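Notes follow once the structure below has been shown.
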Amino acid sequence: MNKDRKYIENLIEKYLDGDTSNNEEKLLRRYFTNSGNDIPDEWKALRALFGYETVQRKNALRNTRTGAIRIYIRYAAVASAVILIAIPIMMHRNGTSGNYAVIDGKVCTDSRIVTSEAEKALMMVAIGEDETFEALGQIQ
Amino acid sequence: MSQNRVSNVYTTRTENNIPQNGMTSVKAQFSHRSYRNMNIEQFNRNIVTMRNELMATAIRLSGNSETAEDLVQEVMLKLWSMHGELDRHTCPKALALTILRNKFYDGRRHARHEMTVTHVQQDHGKEDTTVETADEIDVIRRIMDSLPPLQSQILRMKEIDGYDKEEIMKITGCTPESLRQNLSRARRRIKEEFMRITAYNAMNRD
């Protein structure tokens, strides 16, 4: 037990001199996490310091995670907006708007031809301007 | 000097996974090591090369090579904290000199204040160790806030952000001895202030 204390005491001196390696610091932290209150008063400062650092690390981790998630959401939002805009544009360019006409037995999806055929068909059943107002006159 | 590096693995953790021992949680937190290494190398090549000129200006301003060294390291740390945006600046050297001058004049304006004894509220109704621990941590926080900025930044980078000594040296351009000194000063000061404050509190307990 005393040997362990002596070893820890040496490590602490090394730590306070700024000379400890990463592994040695790991060892010190582990010691203080498990040590409880039965330690010299002089060592309690280190226990408090390591406790403080553990809390700070957890906070830093939380920040990078939420920060990363926020950035991810931003990118996802931009990406989905681009996709939503791109789809109708692409469809319009291909002319695959779902409208089609059957000409000479063949299905034709070219929007220009479909549109003009549709207009021609509509003209055949359309009433002329004058007819509309004449119809109004018939209402009593 | 072969130091074993903490192997950093980027993992996702659930809340249930918080380990009892605070150390292992460190591994999950840092951005991927090799990416950060590449940035440090780049940073070191581009920025640390202007160190001589910065030192010259710092010595001229402060008249003292120790203060100048501290100032230059602080400038490097500040530049590192914004290293993602450095390409937007057409002249990083002008930026560095501006930061240097600002830090120098800030330092003069606010004289380093000695830590006044703070009375830390301690609830003695229950002799509960968890309450005591939270108070202890609060004392540390206040001491950290009162440390000279370079010392607290370097300690934070080493122990909270998990940088290696080699990485800190590459970022600040400092010598191993300078880094050792700053870590040592910070740690000893924390220990001394902590003991002073807790002794004061013990004396004034009702």
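The values are calculated or read from the model by the stated rules, or taken from the named source; none is laboratory data. Since this is a predicted model, take the numbers as computed values, not measurements. Glycine gets a Cβ as well: all are built from the backbone with ideal geometry, and neighbour counts include every protein chain shown. Only protein heavy atoms, including side chains, enter the accessible area calculation; ligands, DNA and RNA are left aside. Shrake-Rupley method; radii C 1.70, N 1.55, O 1.52, S 1.80 Å.
Annotation for segment B:167-184: at least one member residue is within 11 Å of chain A (Cβ to nearest Cβ), buried (at least 20 other Cβ atoms within 10 Å of the Cβ) and within 23 Å of A:Glu42 (Cα to Cα). Quick one: would you say A:Gly18 is modelled with pLDDT under 90, touching a helix residue (DSSP H, G or I) at 6+ places or on another chain (Cβ under 9 Å) and not assigned by TED's automatic domain parsing to the domain that holds A:Ala121? In short, no. Taken over segment A:27-66, the residue count meeting the criterion of being over 35 Å from the mean Cα position of the chain (by Cα) and either of a type outside the set (Val, Ile, Thr) or not assigned by TED's automatic domain parsing to the domain that holds A:Asn2 (or both) is 21.
What helices (runs of 4 or more DSSP H) lie completely within segment A:1-95 and have 2 or more residues being within 14 Å of another protein chain (Cβ to nearest Cβ), of a type in the set (Ser, Thr, Tyr) and open to solvent by 40 Å² or more (accessible area, probe 1.4 Å)? Step through it out loud before you land on a result.
Numbers: elements: A:2-16, A:22-34, A:41-94.
Result: A:22-34, A:41-94.
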